[in-house]
Each structure stands twice: as structure tokens, then as C-alpha cells.
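Asker: Mind looking over this structure? Questions follow.
The values are calculated or read from the model by the stated rules, or taken from the named source; none is laboratory data. Since we're looking at a predicted model, the values are computed, not measured. Using ideal geometry, Cβ is built from the backbone for each residue, glycine included, and neighbour counts are taken over all protein chains shown. Heads up: the accessible areas ignore ligands, DNA and RNA and are worked out on the full protein's heavy atoms, side chains in. Shrake-Rupley method; radii C 1.70, N 1.55, O 1.52, S 1.80 Å.
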Amino acid sequence: MEEHRDDVGARMGMWIFIFTELLLFGGLFLVYAIFRNQYSDNFHTAAHELNAFVGALNTVILLISSATVAMAITAVQKGNKSLALILVGITLSMALLFLINKYFEWGHKIHLGIYPGSELLIKLEHGELLFFGLYYFMTGLHVFHIFVGMVILSVIFFKIKSGKIHATDYVLLENGGLYWHLVDLIWIFLFPLLYLIT
Amino acid sequence: MENHTQPLDFIQDKQGKKGIFAWIFSTDHKRIGILYLVSITTFFLVGGLLGGLMRLELIAPGETVMSPQTYNAFFTVHGIIMIFLVVIPGLGAVFGNFFLPIMIGARDVAFPKINLLSWWLYVTGAILALLSQFAGNGAPDTGWTFYAPYSTESGTNVVAAVFAAFVLGFSSILTGLNFIVTIHRMRAPGMSWFRMPLFPWSLYATAWIQVLATPIVGITLMMIVAERLFQIGFFDPSLGGDPILYQHLFWIYSHPAVYIMILPAMGVITEIIPTFSKKAIFGYKAIALSSIAIAAVGYFVWGHHMYTSGMSTTARWFFSFLTFIVAVPSAIKVFNWVATMYKGSIDVRTPFLYAASFIFLFMIGGLTGLVLGSLATDVHVHDTSFVVAHFHYIIFGGMGFAFFAAIHYWWPKMFGKMYDERRANVAWLITFVGFNVLYFPLFIIGVQGMPRRYFDYLPQFHMGHLISTIGAFILLTGIFLMIYNIMRTKKHGTPAGMNPWGGVTLEWTIPSPPPVENFEEIPTITKPPYTFE
């Protein structure tokens with residue numbers, strides 16, 4: 001069978017997948033909106049517990065990683081393989097940095113006894129308990145997406161290296177980039193909703 | 001080798017793979033369609049058997065063949081299997097996979113590997129669903145809707161069942177995504193949107209629902225898991241959460257899911273009616289666009305499952321109003337089917353019998369749906385067997401009969417063999433009669449007050465239940481006869497030829513069974529579909 005290649009179709013598929021991802025998080029945003037409306041004072045107090053500096057740092061990290069993956073596409077288009085590899089490499093290390101920050105952030109919270117089902121949390125006001133529930137659920141699901149994005153970008157890294165992604169066939173990199181922007185975009189919404197509205 | 005004008009058909013040509021691997025690792029859309037056909041039929045029989053055993057329990061008041069806990073598990077498992085493993089993938093995964101590319105003049109779907117992946121996800125989900133029945137603390141007993149607090153408090157295997165539904169949802173999303181891109185990108189030259197046959201149109205509308213609604217139930221089911229494992233509290237009033245919130249989130253997907261089930265069914269009927277009326281479909285554009293209208297409005301009616309759960313009056317009349325609106329495009333289709341038959345030269349063959357009975361059953365299901373969609377009457381019949389009868393008329397009488405219609409319509413194309421039509425007609429009659437005897441009494445005892453999901457009942461409902469149980473066994477007889485009749489074509493079938501029904505869509509222009517590549521040369525489309533010379 002002759003190889004069927006359709007870059008527009010492949011990108012369309014990725015966009016549709018991104019719609020589903022947005023709706024997946026959309027369910028959580030809906031729950032957030034309802035409980036925020038119901039317990040606005042508690043959400044206000046609970047959000048003070050989160051470290052806005054770490055959140056801001058992670059935002060910057062993700063924004064840089066989004067920029068580098070976009071630059072990698074241009075590098076591949078121009079046929080500059082080594083630059084593309086460096087840029088995807090930077091994206092991957094930024095992702096790792098994000099996870100390290102997240103690890104310490106969560107670790108600190110758990111150390112303080114703030115985690116779903118903990119004795120401390122059960123004693124808090126209902127709204128605060130739900131806030132932390134949402135915090136763990138939303139950032140947890142986001143971290144899972146970071147993992148998936150890292151796997152995709154690693155595959156792309158090796159495909160650039162082996163020359164399978166090159167100046168005339170780079171739709172996989174574009175799709176990987178699109179996915180990574182989605183992961184970034186969701187964080188852009190999570191950050192103010194959880195950390196900044198205090 | 002000399003005879004290369006006649007390429008091998010897709011069943012003979014194993015593409016260099018051996019035995020079962022030629023099936024389970026094939027990326028050919030036709031083989032994947034048949035994989036789904038086999039899996040879905042298997043689960044349909046399992047689900048049907050559970051349904052039959054439930055009917056047996058209800059044959060007389062009091063405990064007859066099973067305990068109340070077993071009964072709870074049975075209606076839960078029956079629901080999970082039938083909804084998630086049979087009806088939601090159903091027509092799209094089997095006949096959509098097999099015929100969508102052929103009907104739009106393509107060699108395959110846009111992403112054949114993702115297509116195979118969605119079947120594997122389906123199998124994974126199915127295995128998880130089966131595990132939830134046998135492993136651990138027993139089969140889930142929450143009902144297929146997993147309502148909180150049942151699902152958050154039940155000691156049974158809810159997590160595995162919920163996770164199975166999540167994986168099956170993912171499979172459904174990938175199928176939808178694949179179909180959307182296929183329809184956008186792979187139509188044959190000259191096939192404009194309004195030259196596309198109506199089964200692909202219905203699959204297109206369905207695919208958008210699959211893509212845009214399924215993630216909501218995905219995340220909701222994950223919340224149930226988090227609720228059980230981490231006490232996250234979203235649905236637990238003692239922690240500040242709200243069980244009604246679960247119902248909203250669940251039905252935001254699960255009502256559109258009803259349209260995932262019924263839209264492809266309407267698409268199948270729209271193919272069959274013109275073929276056997278020898279007449280172009282009446283109101284082509286109205287049918288095409290009503291599919292889109294159903295998909296769009298169907299998003300905003302979920303609240304009609306919750307009139308008695310606790311909602312503001314404003315929300316309730318709003319949902320009720322939209323429920324009536326969504327009935328309009330469905331009625332448009334029915335009128336168009338009937339108008340297509342008007343003055344046609346109708347050839348009453350087996351697929352047509354199933355299609356005509358679809359219209360009859362769908363009408364009963366649809367109109368009783370309006371009884372449930374009205375605020376006042378719903379309060380009376382909510383959670384009674386009236387509801388059970390209503391949705392079985394839609395899901396089984398609608399989607400199920402459309403599935404039977406499709407299998408009788410396309411089987412000769414898929415395998416090149418014609419079944420015994422006389423026996424098929426007898427099986428149709430038994431199935432149709434059995435269906436009505438089974439479900440119609442449930443309307444009556446429902447109005448009289450028989451609650452759904454009860455394992456026992458008051459003596460005054462005995463007659464209704466008895467008739468219903470008799471109907472169940474008539475229905476099962478019809479279905480087994482139908483399956484036997486279809487299966488025996490393997491040995492006794494007569495060659496069907498390229499076009500046994502005189503159809504005019506593209507699948508009837510290629511050999512039966514189709515070759516691997518479908519078309520030797522991609523056709524150029526110059527006419528609207530359903531042009532009978």
C-alpha cells in the first residue's frame with residue numbers, strides 16, 4: 001500500500017485531541033467554579049497556604065519550555081538538526097525542573113499534614129478541605145500531562161536525532177509542540193486560580 | 001497470479017500476517033470493523049443473558065432465582081456491559097469502521113494505527129470490566145450510573161468498573177477523532193459535503209459528541225476514584241461536597257451519549273429506506289443537518305434526568321423546553337423516511353423489515369420520552385419501569401434494531417455471502433413480537449407505580465411482569481435464530497454478488513467482500529448520493 005501522508009489531517013487530529021483535553025480539565029474548572037462560589041471565604045484563606053513564588057517560578061519555567069519547543073520547529077524547518085536537538089533538550093530539562101519544584105512543593109505540604117484524607121485536613125473548614133482537594137487533583141492531573149508530554153518529546157528527540165524528523169517532514173514535532181503548549185496553557189489557568197486569587 | 005484483474009479480497013489477503021495476528025494486529029479498517037463485530041456481539045449475548053436472568057427473577061413476587069444483592073449486581077453489570085461495551089461503540093465501531101471509508105471513496109480511515117489502538121483500548125476496558133465482576137469484593141451494585149453516594153460508599157469493586165468505563169471512553173474518543181479527520185480529509189474527489197451519503201453524515205455528528213462529551217465523564221469517573229481512595233470530598237456532604245454535583249457532571253456526558261447511540265442508527269435507516277424504496281431520499285439536507293442539530297441541542301438537555309433530584313424551577317423548565325426542542329430534528333427524520341417510502345416501489349426484504357420496525361419502535365420510545373421530558377408527568381413516572389421501557393424502546397428498539405438492520409443489509413457485502421431470507425424474516429418476526437411483549441407491559445405497570453431496580457414487587461404487578469418475562473424468552477429465541485441464520489452463511493450461504501439490493505452508494509460498486517484497497521481506482525463523484533437511474 002502506498003504510504004498515505006497528510007500533514008494537515010495529522011494536525012487536525014491533534015487539535016481535536018486538544019479539545020478533548022480542554023474538556024477533561026473543563027470538568028475540574030466547573031467543580032472549582034461551583035465550590036469557589038459556595039465557599040469563597042474558605043478558598044481565600046486556603047490559597048494563602050500556597051507559595052506564589054514557587055508557582056510563579058514554575059510558570060516562567062513552562063513559558064520558556066514552550067518557547068524553546070516552538071523554536072525547535074523553526075530550527076528543523078531550517079535544517080539545523082543540532083540546534084533543534086538542543087532546543088528540545090532544553091524543553092525536556094525545563095519540564096524536569098518543573099517536576100522537581102512540584103515535588104518539593106507537594107513534599108512540603110504533605111510534611112505540614114495537608115493532603116487529602118489527613119487528620120489535619122478533616123478538621124479544617126469544608127471549603128478549605130475542598131480547595132486542597134482541588135489543588136491536588138488539578139495539579140496532579142497536570143503533572144501527569146507533563147509526564148506524557150515528556151515521553152512524547154523524548155520520542156521526538158530521538159526521531160530528530162535519527163533523521164526521521166527533518167526539514168520536509170516534521171508534523172510529529174509540530175504535534176508534540178502543540179501538545180506541550182496545551183500543557184503550558186492549562187498551567188497558565190491553574191496558576192492564578194489556585195495561587196493568586198487570595 | 002495471472003488473474004490480476006481480480007485483486008484478493010480483504011479476508012483472503014492477510015498482508016503477510018499469520019492466523020489470529022492477521023486480525024488483532026491488522027490496521028485495515030474492514031478487519032477492525034469485524035474485530036468489533038465479534039467483540040460487541042459476544043458482550044451483547046452476555047448482557048442479554050444477564051437481562052434474561054433478571055427477567056426470570058421477576059417472573060413471580062419474592063425471591064425466585066437470586067438474592068437481592070445479586071440482582072443489584074446484575075442490573076449494574078447488565079447496564080455497564082450494554083451501555084459501555086455494546087451500544088456506545090456499536091454501530092460506529094462496527095459499520096462505521098467498515099463502511100465509512102468505502103462510502104466516502106477512501107482506502108482507509110485517516111489514522112489506521114490509532115484505529116487499531118482504539119480496539120485494543122476497548123479490549124483493555126472490557127477486561128477491566130470483567131475483572132470488576134469477579135476479582136476483589138464482588139461485582140459493583142451501584143447501577144451503571146455510579147451515583148454518589150452509592151459509588152463512594154459501596155464496598156464492591158467500583159474502582160475497577162469506573163476505570164473500565166474511563167478506558168472505554170478513551171477508545172470512543174479516538175474513534176470519533178479518527179472519523180472526523182477522515183471525513184474532512186479523505187472524501188473522494190467531487191464528493192462535496194452535500195454529496196456525502198447520510199450514514200457518514202450521522203457518524204460525523206456522532207464523532208463530535210464522542211470527542212467533546214466523553215472527557216467530562218472521564219474526569220467525573222476519576223473524581224469517583226479520588227473520592228474512594230483519597231477522601232477528596234467533592235461529592236460527600238459531610239466534607240462540604242455535593243452528590244447532586246456528581247449527577248450533573250455524569251449526565252453532561254451521559255445524555256449526549258444517548259445520541260452517540262442513536263445517531264448512527266438513524267444513519268443506517270437512512271441508507272436502507274431509499275435502497276428498498278428505489279427512490280432518492282426525501283429531504284437530504286434536512287436529514288443531514290438534523291443530525292448536527294441533535295448533536296448540538298443534545299448537549300443542553302442533561303438536566304431532564306434530574307427533575308426530582310433538586311434543581312431550581314427555572315433550571316427545570318429550561319431543560320424541559322430544550323428536551324422538547326431536541327425532539328423536533330428526530331421527528332424531521334421520521335417524516336423524511338416516511339416521505340421517501342411514499343410512492344416508492346418498495347421491496348420488502350429483511351433489512352427493510354428491520355428498518356420499518358425501527359421507525360415503529362423509535363416512535364414509541366421517542367413519544368414516551370416526551371412524557372418523561374414534561375415536568376409534571378415525570379414526577380409521577382420517574383424511576384418507575386416506565387423509564388425502563390422508554391429507554392429500552394430507544395436503545396434496543398432503536399439502536400439494537402438498527403444494528404440488526406445493518407447486519408442484514410451489509411452482511412452480503414462484508415462476506416460476499418447471502419443468508420436464507422425466509423428464515424431471516426421469521427427471526428425478525430419473533431424478535432419484533434418478543435421485543436414488544438417484553439417491554440410494553442413495563443410502560444403499564446410503570447404508570448401504575450412499579451419502581452425500577454426493585455428485585456421484588458407487589459402482587460398487583462404480577463401479570464405485567466409475567467407477560468414481560470415470557471416476552472424476554474420469545475425475544476431471545478428470535479435473536480438466537482437470527483444469529484444462527486447469519487452464521488450458517490459460512491457454509492451454506494449463496495454468493496451475494498456485488499449489489500444484491502440494488503443500492504447506489506459507493507459500497508455497492510466494489511466486489512463483495514471488498515479488496516484490501518477497497519477501490520482499484522478512487523472514484524470521482526459527479527452526482528448526489530441516492531441517484532436511482
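Asker: Quick check for me: using +1 on Lys/Arg Cβ and -1 on Asp/Glu Cβ, what's the dipole size of chain A about its Cα centre, in debye to the nearest 20?
Answerer: 500 debye
Asker: Could you order peptides B:213-225, B:289-301 by the average number of other Cβ atoms within 10 Å of their residues, highest first?
Answerer: The densest-packed peptide leads the list: B:213-225, B:289-301.
Asker: Rounded to the nearest 10 degrees, what's the angle between the helix B:462-487 long axis and the longest principal axis of chain B, both from Cα atoms, 0 to 90?
Answerer: 30 degrees
Asker: So how compact is segment A:35-98: Cα radius of gyration and Dmax in angstrom?
Answerer: 18.1, 55
Asker: Here is a follow-up. Enter the mean number of other protein chain beta carbons within 10 Å of the beta carbon of each residue in B:177-185, as an integer.
Answerer: The shielding value for this peptide is 4.
Asker: Next question. Which loop-located trypsin sites (Lys or Arg not before Pro) does segment A:146-176 contain, where loop means any DSSP state but H, G, I, E or B and the Cβ has at most 13 other Cβ atoms within 10 Å?
Answerer: Listed in order of number, the matching sites are A:LYS164.
Asker: With +1 on each Lys and Arg Cβ and -1 on each Asp and Glu Cβ, how big is the dipole of the protein assembly as shown about its Cα centre, in debye rounded to the nearest 20?
Answerer: Its charge dipole is roughly 1580 debye.
Asker: Kindly compute the accessible surface that chains A and B hide from a 1.4 Å probe when together, both sides summed, and give it to the nearest 100 Å².
Answerer: 2900 Å²
Asker: Which of the peptides B:477-483, B:384-390 is most tightly packed, and how do the rest follow, judged by the mean count of other Cβ atoms within 10 Å per residue?
Answerer: Going by the mean number of other Cβ atoms within 10 Å, highest first, we get B:384-390, B:477-483.
Asker: When every alpha-carbon pair in chain B is counted, what percent end up more than 35 Å apart?
Answerer: When every Cα pair of chain B is considered, 33 percent fall beyond 35 Å.
Asker: Rounded to a whole number, what is D in µm²/s for segment A:65-146 from Stokes-Einstein with the Kirkwood radius over alpha-carbon pairs (20 °C, 1.002 mPa s)?
Answerer: 143 µm²/s
Asker: When we measure straight from the Cα of B:LYS490, which lysines land under 19 angstrom away, once same-chain ones fewer than 8 places off are left out?
Answerer: B:LYS14, B:LYS30, B:LYS413, B:LYS417
Asker: Let me ask you something else. Just name one of B:ALA60, B:THR182, B:THR152: the one whose Cα is farthest towards the positive end of the charge dipole of segment B:24-509 (beta-carbon charges, Lys/Arg +1, Asp/Glu -1).
Answerer: The residue sitting farthest along the positive end of the dipole is B:THR182.
Asker: Then there is this: Kindly provide the trypsin sites (Lys or Arg not before Pro) of segment A:27-134 that DSSP labels as loop, not H, G, I, E or B, and whose Cβ sees at most 11 other Cβ atoms within 10 Å.
Answerer: Answer by residue number: A:LYS78.
Asker: Can I ask one more? Which one of B:MET450, B:TYR122, B:VAL381 is farthest out on the positive end of the charge dipole of chain B, using unit charges on Cβ (Lys, Arg +1; Asp, Glu -1) and the Cα centre as origin?
Answerer: My answer, from the dipole projection, is B:TYR122.
Asker: Enter the mean projected area of the convex hull around the alpha-carbon atoms of the protein assembly as shown, in nm², rounded to one decimal.
Answerer: So the Cα hull casts an average projection of 33.6 nm².
Asker: For a test of understanding, tell me how many lysine pairs in chain A have Cα atoms under 23 Å apart, given they are 8 or more places apart or on different chains.
Answerer: 7
Asker: Accessible area per residue for segment B:267-320 in Å², computed with a 1.4 Å probe and the full protein assembly in place, what is it?
Answerer: 36 Å²
Asker: Using +1 at the Cβ of each Lys and Arg and -1 at the Cβ of each Asp and Glu in segment B:24-509, identify which of B:THR70, B:ALA315, B:PHE43 lies farthest towards the dipole's positive end.
Answerer: Ranked along the dipole, the leading option is B:PHE43.
Asker: Using only the Cα atoms of segment A:1-77, what are the Rg and Dmax in Å?
Answerer: Taking only Cα atoms of segment A:1-77, I get Rg and Dmax of 19.6, 63 Å.
Asker: Let me ask something additional. Once you average over the residues of A:111-118, how many Cβ atoms of partner chains fall within 10 Å of each Cβ?
Answerer: Mean partner shielding for this stretch: 2.
Asker: Follow-up. May I ask you to work out the translational diffusion coefficient for segment B:394-533 at 37 °C, viscosity 0.692 mPa s, via Stokes-Einstein with Rh from the Kirkwood sum over Cα pairs, reported in whole µm²/s?
Answerer: Reported coefficient: 183 µm²/s.
Asker: Taking accessible area as the heavy-atom solvent-accessible surface of the protein chains with a 1.4 Å probe, which residues of segment B:102-120 lose no less than 20 Å² upon going from the isolated chain to the full protein assembly?
Answerer: Residues losing area: B:ARG107, B:PHE111.
Asker: Oh, and also: For chain B, give the magnitude of the charge dipole about the Cα centre (Cβ charges: +1 Lys/Arg, -1 Asp/Glu; no others), in debye to the nearest 20.
Answerer: 1140 debye
Asker: Hey, another quick one. On average, how many beta carbons from a partner chain sit within 10 Å of the beta carbon of a residue in B:238-244?
Answerer: Across the residues of B:238-244, the mean count of other-chain Cβ atoms within 10 Å is 5.
Asker: Take peptides A:55-61, B:355-361 and line them up by average Cβ neighbours within 10 Å, highest first, as a rough protection proxy.
Answerer: Listed from highest to lowest mean packing, they are B:355-361, A:55-61.
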